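Notes follow once the structure below has been shown.
The values are calculated or read from the model by the stated rules, or taken from the named source; none is laboratory data. Keep in mind it's a predicted model, so treat the numbers as computed, not measured. A quick note on method: Cβ atoms are made from the backbone with ideal geometry, for glycine too, and the neighbour counts reach across all protein chains shown. Note: accessible area is taken over every heavy atom of the protein model, side chains too, but ligands, DNA and RNA are not part of it. Shrake-Rupley method; radii C 1.70, N 1.55, O 1.52, S 1.80 Å.
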Amino acid sequence: MQATPDLFVIAIDGPAGAGKSTIGRALASRLGLQYLDTGAMYRAVTVAALRAAVPVEAEESVADLARRVNLEVSDRGVFVDGFDATVQVRSDEVNRAVSTVAANPAVRAEMVDRQRAWARERSGGVLEGRDIGSVVFPEAALKVYLTASARERAVRRAMETGGDVDEIAVSIETRDRKDRERADSPLTEATGAVVVDTTGRSVEDVLDQLLALLEGRR
Ligand code: DC
């Protein structure tokens, strides 16, 4: 299934802790659009594998699960075949396993189809992830690559989760490396993406910049 250029899509990509969710949600609310956290979809497939006791390395079996699983990622939370996995998707166990699931090309193909269908049903939206501007919606109205210093990204995550900053720094660095080095749809700055460094900046400040960018393109 191909991406369609006639949708109003805003693509937000970048490494963990760069502010994608906060900015994505705020931007969607300001523009009256819906928001999709695509990372939560890969996390939900990981939960499905863990619950079915399928090793995340078992590519075929995990791909099969990904094609069959009923996923809901919305304001209500994350549901995997009706099971409320909202808390579990953020667990250390899932943090450790999710980049293996996200590197599985057949899982990615299935998730990309679902993400495009989600946007088509809504005539667009704000989608946040790693490959939205490069693969899912290369024709997006605005493509943003959000980043921040490694330290600030770890501190933000620690504030969200109450964990140890140094441990979190290692965990997100490991995940980012896997996301950047995988063969299929690695984390990268999409062609035409605006790179926005959020280090030391407020949400409002970043939001104003993105809204001005969007205004300039209209
Ligand atoms: O954004 P996050 O930390 O919840 O993402 C979880 C994992 O999924 C992370 O390893 C990156 C990967 N991911 C991806 O490969 N492609 C996306 N569009 C979104 C997330």
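Structural remarks
- Computed about the Cα centre, the dipole magnitude for the chain is approximately 320 debye when only Lys and Arg (+1) and Asp and Glu (-1) carry charge, each at its Cβ.
- Across the accessible surface of the range 139-212, with the other protein chains kept in place and a 1.4 Å probe, carbon and sulfur atoms take up 51 percent.
- The range 117-173: GluC sites (Glu not before Pro) falling in loop per DSSP and having at most 15 other Cβ within 10 Å: Glu139
- Karplus-derived 3J(HN,Hα), 6.51/-1.76/1.60, for each residue of the range 71-86, Hz, glycine and proline x: 10, 10, 10, 8, 4, 6, x, 10, 10, 10, 6, x, 7, 6, 10, 4
- Most mobile listed residue (Asp184, Asp113, Asp166) in the chain, GNM with C-alpha springs under 10 Å: Asp166
- Kirkwood hydrodynamic radius of the chain, from the reciprocal of the average inverse Cα-Cα distance over all distinct pairs: 17.5 Å.
- Highest-fluctuation residue, Thr22, Thr100, Thr38 considered, GNM on the chain with Cα pairs under 10 Å: Thr22
- Cβ-based charge dipole, the chain, positive-most Cα from Ala119, Leu210, Phe8: Phe8
- Accessible area per residue, Å², the range 73-148 with all protein chains present, probe 1.4 Å: 39 Å²
- Selection from Leu71, Ala85, Ala58, by position along the positive dipole direction of the chain (Cβ): Leu71
- Ordered from largest to smallest accessible area (heavy atoms of protein chains, 1.4 Å probe), the residues Ser202, Ser185 come out as Ser202, Ser185.
- P(r) weight above 14 Å for the range 106-173, C-alpha pairs, percent: 66 percent
- Structure-based [θ]222 nm, the chain - -39500 (n - 2.57) summed over DSSP H runs of at least 4, per residue, nearest 500: -16000 deg cm²/dmol
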